[in-house]
1. Could you give the spread of the C-alpha atoms of region 44-102 along their three principal axes, from largest to smallest, in whole angstroms?
2. Report, for region 1-144, the % of DSSP beta bridges that are antiparallel, rounded to 5.
3. Expressed as a fraction of 2.2 N^0.38 Å, the rule-of-thumb size for a compact globular protein of N residues, what is the C-alpha radius of gyration of the chain?
4. Could you give the size of the charge dipole of region 332-436 about its Cα centre, using +1 on the Cβ of each K and R and -1 on the Cβ of each D and E, expressed in debye and rounded to the nearest 20?
5. Give, in nm to one decimal, the length gained when the segment between S306 and K10 is fully stretched (0.36 nm per residue of separation minus the Cα-Cα distance).
6. Just to confirm a number: summing +1 for Lys and Arg and -1 for Asp and Glu over residues other than E12 whose beta-carbon lies under 11 angstrom from that of E12, what do you get?
7. Once amide H atoms are placed 1.01 Å from N in the peptide plane, what residues at a sequence separation of 5 or more from Y4, or on another chain, have their amide H within under 5 Å of its amide H?
8. Measure off 7 Å from each Cα along the Cα-to-Cβ vector at V196 and K355, then give the distance between these two points in nanometres to one decimal.
Amino acid sequence: MKLYNTLTKKKEEFVPLQEGKVTMYVCGPTVYNFIHIGNARPMIVFDTARRYMEYKGYEVNYVSNFTDVDDKIIKKSIEEGVSAEEVSERYIKECKKDMADMNVKPATTHPQATQEIDGMIAMIETLIEKGYAYAVDGTVYFRTRKFEEYGKLSHKNLDDLRSGNRSLLVSGEDQKEDPLDFVLWKPKKEGEPFWVSPWGEGRPGWHIECSVMAKKYLGEEIDIHAGGEDLIFPHHENEIAQSECCNGKIFARYWLHNGFLNIDNRKMSKSLGNFFTVREIGEQYDLQVLRFFMLSAHYRSPINFSREIMESSKSALERIVTAVSNLTHLEQEAAADTLTEAEEKLLAEIPSYRKKFEDAMDDDLNTADAISAIFELVKFANTNANDASSKAFAAALKKEIVALSDVLGLIVERKEENLDAEIEKMIEERQAARKARDFKRADEIRDKLLAQGIILEDTREGVKWKRA
């Protein structure tokens, strides 16, 4: 299995620190509002990476944090007249709901920054003791230039940063030994939440939390650190500096970053009016469609969101779901139980589709090509499974499609749904009207069911239905 490592800018064979086990840290959201679809991409992408590693037999310790102390959370709490904790806890619950609806598995651990303050203070104290950090009037700064490898992840030069990049030149620059030094701890402001520290009452800088939580829940050295491309600099760069200076070890072996998400070929922005939350998308589409859309492009490529592409994703996913539904029907209605000789020969071709799927995923998690392999299998099933197929043949094809889709977190098997008695009666009445050639009445019933969100499909296997 090869992964593209942002650190080395090349694909590398994945070899975990401990055989059979993977330690993986993924930067989570700041919880001050509903998550947006930009947040959803890394959640879906790296959940899929985790699923594939588990499919390959690895035991994965997967940690993803919630940043629950931040200027945006504080601003929201002031606007609403409630505590920052109330705001963050509310949106952590909402985030977990959206993640479940996207079929993102819960992390092994979901640490919260506010619950790890003691660890942050301890790490900052170690950095001060080692000479990598210093305190000035209640603020603690990291000596960026003292870490000689600073810039190795983003491939940026410190002198270039000083002359051309203002992103690190924050307020309080006159207190710093060097304008590029960044904040580890800052003093409280009026009305803000705070914690007691050796440097006075205050709260941690953003970057320190992930260094501390990765160390506590995964160890001083981890296999994979992942997140959005926008986090490479300065967040992940600063994490490396803090962790490696504190622990004296390489922080993460492999750095994975997903590409940006655009809306109708423009950057997502509230000011442009093209900002969408996952919850808003979920009101218009099953969030399995959003997941399919996210996986239909390679995770490192930029991806463009539009209504047209979502409709296309919906139709594509429906092709897989329909194929599985048809196989379920054939399995239930099959006259023969056991495989015929011809079916055995056909099933011998299935491993080739699985190999295509695995080859794609082994090549830096190429989900787009993995989905193509599933569609090839769907075409194979549609071509070869029919009313004459055995129960075993239909079941084997369905099992393979469902299993490979599940690796991608795609739910393609519809569970049996019980229509209420009234709807069942209407379907029976429509069938009777068709039999009596009263097509006007049959159409009326069909339209009435459609208004209730029930779509009928007349197939050669009989009447089937699905929810709109």
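The values are calculated or read from the model by the stated rules, or taken from the named source; none is laboratory data. Fair warning: this is a prediction, and the values are worked out from it, not measured in the lab. Glycine also receives a Cβ, built like all others from the backbone with ideal geometry; neighbour counts cover every protein chain displayed. Heavy atoms of the whole protein, side chains included, go into the accessibility calculation; ligands, DNA and RNA do not. Shrake-Rupley method; radii C 1.70, N 1.55, O 1.52, S 1.80 Å.
1. Sorted from largest, the Cα extents of region 44-102 read 49, 20, 14 Å.
2. 50
3. 1.18
4. 360
5. That works out to 103.5 nm of additional length.
6. Once positives and negatives cancel, what remains is +3.
7. Placed amide hydrogens put E12 under 5 Å from Y4.
8. 6.7
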